[in-house]
Amino acid sequence: MRARWLWGLVTFVVGVAVFAGWLALRRPPEFVGVALEPPLPAPEIVLQTVDGTTFRLTEQRGKVVALFFGYTTCPDVCPATLAELRQIRAELGAQADDLQVVFISVDPQRDTPERIQEYVSRFDPAFIGLTGSEAELQPIWDAYGVFREEVDTGSAAGYLVNHSARTYLIDRSGYLRLTLNFGTSINDMRHDILILLKEKMP
Amino acid sequence: MKKFVVMLLALALTLAACQPQPAQITVSDPWARPAGEGENSAAFFVIQNGTSQDDAVVRAESDVAAAVEIHLSKMGENGAMQMIRQDKVVVPAGGETVFKPGSYHVMLIGLQRELKEGDTFTLTLYFEKSDPQTLTVPVEQR
């Protein structure tokens, strides 16, 4: 009698464990960042690079893209994000080329293609810095929901640009999958980037 | 015997607690980001206030930049990051204030020379009450 009761319990516990394991396996890994459900094809970005070639976001397919909007006069928030992406990319070793960091200006008045590329190259020569005219950039800011606002604070740095400081993560198939808010820890950023890097092209 | 050990321990702990803190402002772990000539950079550090009065950083100076300002990066209500110039940054009595990325920083505007990793420059912090302190700031990728 007692043995049968025990067997019942053992069967039940094993059953629950197997079911939980199956659930965990079939559920996709969860992002720490803000996931887009459902993911959307990332709006196209076409801008001239400093060396005169045309950058097209759709041509980055096959790589994971980390996209950030900022400006070169920015001494703190933009460098903080670029420095974290530099470190994550450095840790990837042989897989580093599968992560493309793209930095787009919110300050076309001051950021020239030379200046913005030099700015991002200081963190990692593989980073791409892009700018354009306001007319070229406005539709891109709009498509990504980038808020920007020039404010004159009387700083010797001239006007400052308040700007949304999310990092957008685009998967290998060109889908915008999630955004990371400014202040997300480097461990959480790495966690989410690694999930996307593990995915294969469909 | 046991009582004696306990008493000795209590005495040691009391003495340790009474160890006078140096009544002064100390600035530690300074660093700044690399940036090109004419560009802007930022310097960061930790300020500890060992005195019994609140104090505040009111100004910073360095000959490495055309202008030096104290700013606070913070998230605005609209979700955008903004930098707000600070007239002073308080360091509470017996406490500390950390200048770090995404928060308080000393903005180095219009660098007179390129700051490369491994370079150093001097930065002087002026306080409301305490004497100014001159730091040697290393340029680091962090």
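Residues that are within 11 Å of chain B (Cβ to nearest Cβ) and either more than 21 Å from residue B:39 (Cα to Cα) or not basic (Lys, Arg) (or both): does segment A:134-146 have at least one? So far as segment A:134-146 goes, yes, one or more of its residues are within 11 Å of chain B (Cβ to nearest Cβ) and either more than 21 Å from residue B:39 (Cα to Cα) or not basic (Lys, Arg) (or both). Would you say residue A:190 is more than 14 Å from chain B (Cβ to nearest Cβ), in a loop (DSSP other than H, G, I, E, B) and modelled with pLDDT of 95 or more? So residue A:190 fails the test. Has segment B:88-99 got any residue that is facing another protein chain (nearest Cβ under 7 Å) and either of a type in the set (Gly, Ala, Ser) or outside any loop (DSSP other than H, G, I, E, B) (or both)? No. For residue B:83, the requirement of being within 14 Å of another protein chain (Cβ to nearest Cβ), surrounded by 21 or more Cβ atoms within 10 Å (Cβ to Cβ) and over 19 Å from residue B:30 (Cα atoms) is met. Being at pLDDT 95 or above and facing chain B (nearest Cβ under 9 Å) is a property that does not hold for residue A:172. Look at segment B:128-142: where a residue is within 14 Å of another protein chain (Cβ to nearest Cβ) and a partner is of a type in the set (A, V, I, L, M) and not in a strand (DSSP E or B), sitting 6+ places away or on another chain with Cβ atoms under 8 Å, you get B:141/A:83; B:142/A:83.
As a summary of the residue check, residue B:102 satisfies the conditions (1) touching a helix residue (DSSP H, G or I) at 6+ places or on another chain (Cβ under 9 Å); (2) crowded, with 19+ Cβ neighbours inside 10 Å; (3) of a type in the set (Gly, Ala, Ser) except for the one numbered (2). Go through segment B:24-36 and give me each residue that's of a type outside the set (Gly, Ala, Ser) and at pLDDT 95 or above. Listed by number, the residues that qualify are B:25, B:26, B:27, B:29, B:30, B:31, B:33, B:34. Highlighted here are the strands (runs of 3 or more DSSP E) found entirely within segment B:20-85 that include at least 1 residues which are closer than 15 Å to residue B:132 by Cβ and in contact (Cβ under 8 Å) with a residue 40 or more places away in the chain: B:25-32, B:41-49, B:55-61, B:65-75.
The values are calculated or read from the model by the stated rules, or taken from the named source; none is laboratory data. Nothing here was measured: the structure is a model prediction, and the numbers come from that model. Don't worry about glycine lacking a Cβ; one is built from the backbone with ideal geometry, like all the others, and counts go over all protein chains shown.
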